[in-house]
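Beneath this line is the structure, given in structure tokens, with notes to follow.
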Amino acid sequence: MNTIKLPVERSNFPTLNNKIMLSSCSQSAPPQSVIDAMDSYKYSLIDEGMEWGNWVERVEGARNKFAELIHCEPEEVAILSSVSDAYSSVVNSLNFNEEDEICVTEIDFPCIGQISLSNKLRHDVPVTFIPHTNHVINREDYESKITDHTKLTCVPHISYYNGFKQDLKMISDIAKQHDSLLFVDAYQSAGSVPINVKEMGIDILTAGLQKYLMGIPGITFLYINKEISEQLVPATTGWFGQSNPFAFDLKSTGFAESTQRFNTGTPPIANAYAAEAALDYILDVGVENIEKYLQELSKFTIDYAESLGMEVASPKDSNQKGSTTAIYVENADEIETALKKEGYVVSARRDVIRIAPHVYNTKEDIEQALDRLKELL
Ligand SMILES: Cc1ncc(COP(=O)(O)O)c(C=O)c1O
């Protein structure tokens, strides 16, 4: 049973000394332990010069902790640099037949559509976009678009735009009826919402560290269920995708166990230091606790924004959304910049300002930021 009281101790987050951080959909404030971990890589270089044993251990530590977070085996997780890398790697490893297609939702992050369309240019594999209504997708939309020709179905767990949270088990059941592989982009959910890839029936999942996982950019995890990854020959791989990279064997390929064959070259070691510490912190606080607390803040944000007469672009039911609440504004980028000057860090996307609290935020933070936003409007 987890005993950390929420909101967590703010003095543990140096960024909060001079900022009200409400931008976890883009970048969270890192806890002191993440900053210390980045320092320890720096001192490893300064004091030890070269420390491969320790560096590889940090990468393995990060992999193990991510596996714990999503409830899979560590060998089912590869380490790459971005969600774009991870999705490209998956698409490039698939063999498409003449009638196959890819289904992507209209609420996916743009890189998912762009990479699918690049695959279309190269291999003539059609891309079907599953439509949204007010940035929400319903069961019928999935039922009508996923067919026996859908080799790959791509969905975000939580929308980057308005925090809409999807029922992954429902989507997975539909995909399975058609033998379609389910790819989940969990960048906006990992760390804020519990994920159990086996119980949710997820075949492939990816997430970076910069958002609700409280880490930094430049490192991303790719989970592929081992029964699937062992059937795949990755087009993007490298010496760290081999069972023994240090054999330095130029003339044969001996892939590493299951999804580790999707590793490429030397891993992002400095980023792995930060990732391991960030995952440690999140697991310590407990994702169930985090979700419960963020649901409370999410409901408060909607109610307070509406009480100020603002138009909310997110679902109103807190069970249907994550922590991010999107508010329609004109000139979102200008408003983000104006609020930043006053110490409020929020995030603009197209026509909305996103308020994305984490466990160090209080209702007062949200109240103050929304009051200032109202004045600016
Ligand atoms: C849901 C989601 N997927 C993907 C990305 C992009 O990830 P990357 O830059 O690692 O490719 C983002 C970035 O904001 C995102 O929110």
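The values are calculated or read from the model by the stated rules, or taken from the named source; none is laboratory data. Quantities reported herein were computed from a predicted structural model and do not represent experimental measurements. No Cβ is skipped: glycine too gets one built from the backbone with ideal geometry, and neighbour counts run over all protein chains shown. These area figures cover heavy atoms from the full protein model, side chains too; ligands, DNA and RNA do not enter into them. Shrake-Rupley method; radii C 1.70, N 1.55, O 1.52, S 1.80 Å.
Using only alpha carbons, the chain has a radius of gyration to Kirkwood radius ratio (Rg to Rh) of 0.98.
Of the Cα atoms belonging to the range 140-213, the radius of gyration and Dmax stand at 12.2, 36 Å.
Look at where the Cα atoms of the range 173-203 and of the range 9-75 average out, and the two centres are 25 Å apart. Ignoring lysines fewer than eight residues from K321 along the same chain, the ones with Cα atoms less than 19 angstrom from its Cα are K165, K169, K211, K292, K299, K363. Each residue of the range 357-367 was assigned a 3J(HN,Hα) from its phi angle through the Karplus expression (A = 6.51, B = -1.76, C = 1.60, θ = phi - 60°), giving x, 10, 5, 8, 8, 10, 4, 5, 4, 5, 4 Hz with x at Gly and Pro.
In the context of the full set of protein chains, residues of the range 28-101 present 46 Å² of accessible surface per residue (probe radius 1.4 Å, heavy atoms only). Straight Cα distances below 16 angstrom link K340 to the lysines K19, K374, with same-chain residues fewer than 8 positions distant left out.
The Cα atoms of the range 100-173 give a gyration tensor whose axes a ≥ b ≥ c have a/c of 1.5 or more with a/b no greater than b/c, which makes the shape oblate. Which shape class applies to the range 170-240: rounded if a/c is under 1.5, otherwise prolate when a/b exceeds b/c and oblate if not, where a ≥ b ≥ c are the square roots of the Cα gyration tensor eigenvalues? Judged from the Cα gyration tensor, the range 170-240 comes out oblate (a/c at least 1.5, b/c at or above a/b). Looking at the range 40-282, the DSSP beta bridges with both ends there are about 45 percent antiparallel. Each other residue within a Cβ distance under 13 Å of I115 adds +1 if Lys or Arg and -1 if Asp or Glu, for a net charge of -1.
Think of the chain as a dipole: +1 on every Lys or Arg Cβ, -1 on every Asp or Glu Cβ, centred on the Cα centre; then among T259, I355, I158, I355 lies furthest on the positive end. Per-residue Karplus couplings for the range 328-341, computed as 6.51 cos²θ - 1.76 cosθ + 1.60 with θ equal to phi - 60°, are listed in order as 5, 9, 8, 6, 4, 5, 5, 5, 4, 5, 5, 5, 4, 4 Hz, Gly and Pro entered as x. Bridgeable aspartates and glutamates around K176 (alpha carbons under 13 Å apart, same-chain partners fewer than 8 residues away excluded): E143, D148, D203. For the chain, relative contact order (Cα pairs under 8 Å, six or more residues apart, normalised by length) works out to 24 percent.
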